[in-house]
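The values are calculated or read from the model by the stated rules, or taken from the named source; none is laboratory data. Treat the numbers as computed from the prediction; the structure is a model and nothing was measured. Here Cβ is always computed from backbone atoms with ideal geometry, including for glycine, and neighbour counts include all displayed protein chains. Surface areas here come from the heavy atoms of the whole protein model, side chains and all, with no ligands, DNA or RNA. Shrake-Rupley method; radii C 1.70, N 1.55, O 1.52, S 1.80 Å.
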Amino acid sequence: MTSRGQLLERAFGRPRGGIGRAGGAVMAWMNAPTERHTAAVAAPTGTERVLVLGPGPGIGLAAVARRAGLVIGVDPSEEMLAACRRRCADAVAAGTVLLRRGGAESNPLDDASVDVVLSVNNLPLWTDRHAALAETFRVSRPGARLVLSAHQKWLPGSGDTLAAELEAAGFRDVRMWTWDPPRAPRAAQLAARVPDASGE
């Protein structure tokens, strides 16, 4: 990895140290509209369990916590988990937000344990998308919903490729569209679902 790549990894991929905290502040400002928009698209209910992959500084986590019964944030960065604890302190204390260290490719959750999975600007950081999507499918209950968002210019692969990868992992009804947030590059958004108990 180049020195520039290492810097970006420390700031945004797996934020740590002062650079990671600065990266978290940038993410909180730039990604906030997309985080809230993605939460609204997923529309979790008060009885649903939601997994947020890579919650970063916790903007989307806080938005989802106002809608869902339980929200679980999984992030590889202790710096970002600490930021989530601060931002969602009341919900963490109440037990409606849980934080776990891990990643999309190594999810610490149980099989079939969540109803909704959300992720914003995390997809391009997945080192093994096939493993990450397989893990996401594993932790999702029958009928669960998946909503992913990423800067379109940094999307890893074409929309058709990503749709095929989602379907290969077991997801159905894959949709992709774009959204223009007020202070960030155009976002590519993907939605899919897990087949229900009948297989449909």
Original post:
Could you give me the ³J(HN,Hα) list for segment 98-114, computed from phi with Karplus coefficients 6.51, -1.76, 1.60 and θ = phi - 60°, whole Hz, x at Gly and Pro?
Top reply: 10, 10, 9, 7, x, x, 4, 7, 9, 7, x, 7, 6, 4, 6, 10, 10
Original post:
For segment 95-200, what log10 I(q)/I(0) values come out of the Debye formula at q = 0.12, 0.14, 0.20 1/Å, with one point per alpha carbon and no solvent?
Top reply: -0.40, -0.54, -1.07
Original post:
Using Cα pairs under 8 angstrom and six or more residues apart, how large is the relative contact order of the chain, in percent?
Top reply: 17 percent
Subject >> segment 68-112: Cα Rg divided by the 2.2 N^0.38 Å rule of thumb >> reply: 1.14
**OP:** At 1.4 Å probe size, with every protein chain present, just tell me what the per residue accessible area of the chain comes to in Å².
**Re:** 46 Å²
Original post:
Roughly how many debye, to the nearest 20, is the charge dipole of segment 119-166 about its Cα centre, given +1 on each Lys and Arg Cβ, -1 on each Asp and Glu Cβ, and no other charges?
Top reply: 180 debye
Original post:
Quick one: of the DSSP bridges fully inside the chain, what percent are antiparallel, nearest 5?
Top reply: 40 percent
Original post:
For segment 78-148, rounded, prolate or oblate, judged on the Cα gyration tensor with a ≥ b ≥ c (square roots of eigenvalues), a/c < 1.5 rounded, else prolate if a/b > b/c?
Top reply: oblate
Original post:
Which percent of the accessible heavy-atom area of segment 31-132 goes to carbon and sulfur, probe 1.4 angstrom?
Top reply: 48 percent
**OP:** Only Lys, Arg, Asp and Glu count, each charged at its Cβ (+1, +1, -1, -1), so figure out the dipole size of segment 49-123 about its Cα centre, rounded to 20 debye.
**Re:** 320 debye
Original post:
For the chain, with only Lys/Arg (+1) and Asp/Glu (-1) charged at the beta-carbon, what is the dipole magnitude about the Cα centre, in debye rounded to 20?
Top reply: 760 debye
Original post:
Which residue, chosen from ALA191, THR178, MET80, occupies the Cα position most advanced towards the positive end of the dipole of the chain, where the dipole is computed from +1 (Lys, Arg) and -1 (Asp, Glu) charges on Cβ about the Cα centre?
Top reply: MET80
Original post:
Just how many % of Cα pairs in segment 40-123 lie over 14 Å apart, if you round to the nearest whole percent?
Top reply: 56 percent
